[in-house]
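Each remark here refers to the structure printed beneath this line.
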Amino acid sequence: MKASAFVTTTLDGYLARPDHRLDWLEEANSDSKEDYGYDAFINQITTVVMGRKTFEKIMTLPEWPYKNQRLILLSSIIKQVPDELEDQIQLFNGDVVELTNLLDAEGEEHLYVDGSQAIQAFINAGLMTDLTITTLPILIGEGVPLFGGPLNKDIRLKHQFTKAYKNGFVQTSYRF
């Protein structure tokens, strides 16, 4: 089963500000009609796996972004999901290896893993298969890092492609 991350970071490696605000990203995307390959990516995904903090941020959006995907929420804190989304969200409080074994047994083929802690857990468990990072030309100095914890070992990645956009965004894709 594939497990992919598709993220946007600042040049200094942050996914969000310390308070989880994404104003820098919203401002950068406000004048662009480009989706940077996200639509093609998300349209091949049937299950999204994310952590609580990312979920809480997603819930502030004006529209639910995963209408065509099931979402598995990794959380020991959240005990109930919003009523209007209970048919789309499944709570899971366990090890990501156990989760992927369950999903593999269901026939799941391709996961989208979102959120720094979820991505880190999949990487440490050796489950992440590919990573696409779109880097924006902005420095914010502090925040939520993409790779914010220790790794079990050095991980060598295989470069797939790099694409530079006219607005200064740079997208690089790797395989594990």
- Query: Any idea which of LYS57, LYS79 is open to solvent by 40 Å² or more (accessible area, probe 1.4 Å), farther than 20 Å from PHE147 by Cβ and touching a Leu at 6+ places or on another chain (Cβ under 9 Å)?
  - Reply: LYS79
- Message: I need the full set of residues from segment 75-92 which are under 18 Å from the mean Cα position of the chain (by Cα) and either farther than 18 Å from THR46 by Cα or modelled with pLDDT of 95 or more (or both), in order please.
- Response: SER75, ILE89, GLN90, LEU91, PHE92
- Message: Please go through (1) of a type outside the set (Lys, Arg); (2) open to solvent by less than 30 Å² (accessible area, probe 1.4 Å); (3) outside any loop (DSSP other than H, G, I, E, B); (4) in contact (Cβ under 8 Å) with a residue 40 or more places away in the chain for ILE45 and return the number of the only condition it doesn't satisfy.
- Response: (3)
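Does ASP19 qualify as being open to solvent by 30 Å² or more (accessible area, probe 1.4 Å), modelled with pLDDT of 95 or more, of a type outside the set (A, V, I, L, M) and not in a helix (DSSP H, G or I)? Give the steps one after another, and end with the answer.
Numbers: open to solvent by 30 Å² or more (accessible area, probe 1.4 Å): yes; modelled with pLDDT of 95 or more: no; of a type outside the set (A, V, I, L, M): yes; not in a helix (DSSP H, G or I): yes.
No, not satisfied.
From LEU102, LEU85, LEU151, which residue is open to solvent by less than 40 Å² (accessible area, probe 1.4 Å) and out of contact with any Cys (no Cβ under 9 Å at 6 or more places or on another chain)?
Working: LEU102 fails: open to solvent by less than 40 Å² (accessible area, probe 1.4 Å); LEU151 fails: open to solvent by less than 40 Å² (accessible area, probe 1.4 Å).
Answer to the check: LEU85.
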- Message: Among the numbered criteria (1) open to solvent by 90 Å² or more (accessible area, probe 1.4 Å); (2) over 18 Å from ARG17 (Cβ atoms), which one does GLN117 miss?
- Response: (2)
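The values are calculated or read from the model by the stated rules, or taken from the named source; none is laboratory data. These figures come from a predicted structure and were not determined experimentally. Here the Cβ is made from the backbone with ideal geometry for all residues, glycine too, and neighbour counts use every protein chain on show. The area values use the complete protein model at the heavy-atom level, side chains included, leaving out ligands, DNA and RNA. Shrake-Rupley method; radii C 1.70, N 1.55, O 1.52, S 1.80 Å.
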